[in-house]
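What follows is a single structure, written as structure tokens, with notes after it.
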Amino acid sequence: MTNPSAVNSFSTTSTIHLLGAGSLGLLIACRLQQARQNISLIGRDQQAVEKFSKSGVLFENSRYLFPSFTAENIKKNSIRRLIICLKTWQTLPAIKPLINALADNAQIILIQNGMGIIEQLGDLIRQQKPEISLFHALSTHGAWKENVWKESACKNNTNQQFTVHQAGTGEIRIDANCQSSWITAFTQANLNPQTDSDIKLAAWKKLLINCCINGLTAIANCQNGQLAVNLHLKQITQQLIDECLTLSNKIYPELATQPIADLIWQVINQTAANYSSTHQDHQANRLSEIDAINGYLLDIAKTVQLSLPVNQTIYRLIKSAEAASV
Ligand SMILES: NC(=O)c1ccc[n+]([C@@H]2O[C@H](COP(=O)([O-])OP(=O)(O)OC[C@H]3O[C@@H](n4cnc5c(N)ncnc54)[C@H](OP(=O)(O)O)[C@@H]3O)[C@@H](O)[C@H]2O)c1
């Protein structure tokens with residue numbers, strides 16, 4: 001995913017655009033602005049742009065205003081550094097109208113859970129802009145957003161303001177090949193970047209953890225810790241782990257040397273009180289990222305003629321619920 005010729009070609013003062021100004025994206029945007037980076041947001045529509053630039057975002061008792069654009073009104077070739085913080089299924093439709101706005105040697109960081117999107121994103125962008133460099137990053141910072149309706153003095157001028165909360169402090173694990181200016185920016189913003197020389201391996205580990213926790217906690221409507229406490233859920237979790245290990249050992253030898261089962265149980269215990277993102281999406285009747293979690297695993301399993309019946313069942317149950325409710 002690296003384009004070595006672009007390394008360090010932009011100064012640390014080049015504006016960073018952010019696409020996906022939701023929970024995690026706004027947390028990152030506010031932290032970067034605190035660290036005096038120039039941040040511009042790309043909103044879904046003019047209404048979103050007005051909110052970000054006029055009402056602003058509340059974070060840690062301060063209000064942050066951001067210059068903001070829509071895909072329609074942003075200038076051609078103007079995006080030189082871009083952070084994408086979208087849900088997996090939002091990514092390709094959101095980037096398509098922005099490709100003309102990307103500079104020919106733009107640098108892009110995709111901060112996202114799930115797998116499979118970075119390759120599709122790379123293929124899509126590089127058809128038109130082959131020099132662009134694209135890096136994957138994984139975040140363990142927790143963030144949530146609430147919309148607060150603010151009545152202004154003028155009766156008809158009711159506007160919505162976002163408040164962003166940091167739910168947990170984590171790290172941003174980022175491809176070690178990315179330009180050092182990103183690491184500097186994230187460090188100054190207290191986002192705790194950790195470079196990883198094998199980000200694909202890190203992403204696979206996260207994928208296997210998510211495959212064993214997310215869908216099952218959504219279906220069972222429980223916190224992560226129940227998977228280790230409730231005997232029935234524990235058995236299903238062990239079956240999911242066994243399937244994940246059978247596949248990963250077959251297709252990814254580097255993973256076979258890692259204590260993945262221990263890692264998954266450790267994460268379940270460490271996050272015992274948390275609700276997974278798939279659980280939260282499921283409860284809110286939102287589309288989840290299951291296609292890029294168990295769905296991705298099942299696609300890979302198909303290529304090596306392996307069947308993963310428990311993963312398949314979890315995937316189908318989530319998809320059927322989403323089809324009925326979204
Ligand atoms: N939140 C966390 O704590 C957390 C932690 C670790 C990893 N992650 C990962 O980070 C990624 C983002 O998660 P999130 O929780 O931040 O999701 P989110 O709150 O749903 O944010 C996504 C944002 O993207 C916006 N968006 C969607 N399509 C767009 C478009 N075409 N143009 C402009 N904006 C668009 C959405 O706007 P609308 O609201 O208008 O749809 C929304 O504000 C996911 O992969 C997630 O798994 C999140």
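Normalising by the residue count of segment 1-141, find the relative contact order in percent from Cα pairs under 8 Å and 6+ residues apart.
Over segment 1-141, the number comes to 26 percent.
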Taking the 0 to 90 degree range and rounding to the nearest ten, how far is the long axis of helix 199-220 tilted relative to the main principal axis of the chain, both from C-alpha atoms?
70
For K200 and I99, what is the calculated FRET efficiency with R₀ set at 35 Å and r taken between the beta-carbons, to the nearest 0.05?
0.90
Which loop-located GluC sites (Glu not before Pro) does segment 33-78 contain, where loop means any DSSP state but H, G, I, E or B and the Cβ has at most 14 other Cβ atoms within 10 Å?
E60, E72
Choose one answer from Q238, Q166, Q120: the residue with the largest mean-square fluctuation in a GNM of the chain with alpha-carbon springs under 10 Å.
Q120
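Can you list which of the trypsin sites (Lys or Arg not before Pro) found in segment 24-60 are DSSP loop residues with at most 16 other C-beta atoms within 10 Å?
Values: sites: R31, R36, R44, K51, K54; in loops: R36, R44.
Filter output for segment 24-60: R36, R44.
So if I take the alpha carbon set of segment 58-129, get Rg, then get Rh from the Kirkwood formula, what is the Rg over Rh ratio?
Details: Rg = 13.6 Å, Rh = 13.5 Å.
Over the Cα atoms of segment 58-129, Rg/Rh equals 1.01.
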Just want to confirm a number: the relative contact order over segment 200-325, from Cα pairs under 8 angstrom separated by 6+ residues, in percent.
35
For the chain, the longest principal axis of the Cα atoms and the Cα long axis of helix 231-251 enclose an angle in degrees, to the nearest 10, of 80
Taking Cα pairs under 8 Å and at least six residues apart, what relative contact order does the chain come out at, in percent?
15
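Per DSSP H run of at least 4 residues, take -39500 (n - 2.57); add these up for the chain, divide by its residues and hand me the 222 nm value, nearest 500 deg cm²/dmol.
Numbers: 13 runs with 142 residues, N = 326.
Mean residue ellipticity at 222 nm (helix-derived): -13000 deg cm²/dmol.
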Reduced Cα scattering model of segment 231-282, Debye log10 I(q)/I(0), q = 0.32 Å⁻¹
-1.16
Enter the angle in degrees (range 0 to 90, nearest 10) between the Cα long axis of helix 23-34 and the first principal axis of the Cα atoms of the chain, meaning the one along which they spread out most.
40
Under 10 Å, Cα contacts only: if you run a Gaussian network model on the chain, which one of V57, V164, V267 comes out with the highest mean-square fluctuation?
V267
Please report the spacing between the Cα centers of segment 173-243 and segment 273-312 in Å, no decimals.
13
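Coordinate-derived values only; no laboratory data. All of these numbers come straight from a predicted model, not from anything done at the bench. So basically every Cβ, Gly included, is an ideal-geometry build from the backbone, and we count neighbours across all protein chains shown.
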